[in-house]
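Colleague: Starting off with a structure, shown below.
The values are calculated or read from the model by the stated rules, or taken from the named source; none is laboratory data. Quantities reported herein were computed from a predicted structural model and do not represent experimental measurements. All Cβ positions, even for glycine, are placed from backbone atoms using ideal geometry, and neighbour counts span all protein chains on display. Heavy atoms of the whole protein, side chains included, go into the accessibility calculation; ligands, DNA and RNA do not. Shrake-Rupley method; radii C 1.70, N 1.55, O 1.52, S 1.80 Å.
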Amino acid sequence: MRIIFIVSILTYSSFIYSQNKLQFISEDITFEIRNDTFFVDGIYYFQNSDTSRYESIIAYPFPNESYTGKSSLIQIDTDSSIAEIEILEINKERLLFKLKCKKEFVYCHIQYNQEILKDTAKYIVRSAKSWGQALESADFKLICNKNDSIEFLTYKPDSQLTKETKKVYFWHMKNFIPFRDFIFVKNKARISRP
């Protein structure tokens, strides 16, 4: 019994140590609302504190609410000289992939789209808290048609720009710990605000 307990502690300790080798440090996301489709184009930056090659399994969540439609993965990639990506699973709730780091700093580029139902789009950002630290920086941009009326934004934008046929909202966060997901509601949708 004592041997099993010691082995369990050692296994748990090495799991915690290995999880801390990879840190999620920053994200740069462009959202776009085009008709009834919500596009997400994100670059996610990681720091590998172990100078040797390191692998980590990452779960990337997709919104799965009554007011969100089906998500479709468009692309996931990285620079093959710094990292490799192996997709393990894709379903309506998440993308599960293995990130194999070759360098100290790596990034992952993910693009997906989702059908907009009830004039509402959502991006899950609260999952960043599961890494156990604030993001050093997070930049977000929402692009929509100039004539689209955005009735609700979870976070107040830092700035807004209107050019020709597009309206663009910008957010820049430092030491960001997200407590709410991004919700975008256009055209007076009637849903309860999450």
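Colleague: Can you pull the percent of the chain's accessible area that's carbon plus sulfur, 1.4 Å probe, other chains left in place?
Modeller: Working: 5600 of 11060 Å².
Looking at the chain in its full context, I get 51 percent from C and S.
Colleague: Which of rounded, prolate or oblate describes region 115-194 when judged by the alpha-carbon gyration tensor and an a/c cut-off of 1.5?
Modeller: Working: a/c = 2.74, a/b = 1.40, b/c = 1.96.
Oblate, because a/c is 1.5 or more while a/b does not exceed b/c.
Colleague: Can you report the principal axis dimensions of region 28-185 using only the alpha carbons, biggest first, rounded to whole angstrom?
Modeller: So the three principal-axis extents are 51, 31, 29 Å.
Colleague: If I take R0 = 22 Å and measure r between the Cβ atoms of PHE105 and GLN75 in this structure, what FRET efficiency does the formula 1/(1 + (r/R0)^6) give, to the nearest 0.05? Can you show the working numbers first?
Modeller: Working: r = 21 Å, r/R0 = 0.95.
After rounding, the FRET efficiency stands at 0.60.
Colleague: Kindly provide the chymotrypsin sites (Phe, Trp or Tyr not before Pro) of region 108-194 that DSSP labels as loop, not H, G, I, E or B, and whose Cβ sees at most 11 other Cβ atoms within 10 Å.
Modeller: PHE179
Colleague: I've got another one for you. Tell me which GluC sites (Glu not before Pro) from region 109-194 have a DSSP coil assignment and no more than 16 other beta carbons within 10 Å of their own. Before the final figure, lay out the partial values.
Modeller: Working: sites: GLU115, GLU136, GLU151, GLU164; in loops: GLU164.
Of the GluC sites (Glu not before Pro), the ones in loops of region 109-194 whose Cβ has at most 16 other Cβ atoms within 10 Å are GLU164.
Colleague: What FRET efficiency comes out for the pair ALA134/ALA59, r = Cβ-Cβ distance, R0 = 30 Å, nearest 0.05?
Modeller: Details: r = 20 Å, r/R0 = 0.65.
Between ALA134 and ALA59 the formula returns 0.95.
Colleague: Suppose R0 equals 35 Å; then what is the FRET efficiency for ILE43 and SER66 from their Cβ-Cβ distance, rounded to the nearest 0.05? If you can, show how the numbers build up before the last one.
Modeller: On the way: r = 30 Å, r/R0 = 0.85.
Computed FRET efficiency for ILE43 and SER66 comes out at 0.70.
Colleague: In nm, to one decimal, how far is the ASN147 label point from the LYS92 one, both placed 7 Å along Cα→Cβ?
Modeller: A separation of 3.3 nm, rounded to one decimal place.
Colleague: Counting only helical runs of four or more DSSP H residues, what would the 222 nm mean residue ellipticity of the chain come to if each run contributes -39,500 (n - 2.57) and the total is spread over all its residues? It would help to have the intermediate numbers written out before the result.
Modeller: Numbers: 1 runs with 20 residues, N = 194.
After summing the helix terms and dividing by the residues of the chain, the value is -3500 deg cm²/dmol.
Colleague: Just to confirm, what accessible area per residue do you get for the chain at 1.4 Å probe, in whole Å²? Spell out each step's value before the answer.
Modeller: Details: 11060 Å² over 194 residues.
Per-residue value: 57 Å².
Colleague: Then there's this: Only Cα pairs under 8 Å and at least 6 apart count here; give the relative contact order of the chain as a rounded whole percent. All intermediate terms of the calculation are to be shown ahead of the outcome.
Modeller: On the way: 418 pairs, mean separation 44.0, N = 194.
Averaging sequence separation for qualifying contacts and normalising by length gives 23 percent for the chain.
Colleague: Okay, moving on. For region 112-127, just list the computed ³J(HN,Hα) in residue order, Karplus coefficients 6.51, -1.76 and 1.60, θ = phi - 60°, integers in Hz, with x standing in for Gly and Pro.
Modeller: So the Karplus estimates, Gly and Pro as x, are 8, 10, 8, 5, 8, 10, 6, 6, 10, 10, 9, 10, 7, 10, 4, 4 Hz.
Colleague: Straight-line reach from LYS167: which lysines have a Cα under 29 Å away, not including same-chain ones fewer than 8 places off?
Modeller: Correct list for LYS167: LYS70, LYS118, LYS122, LYS141, LYS146, LYS156, LYS186, LYS188.
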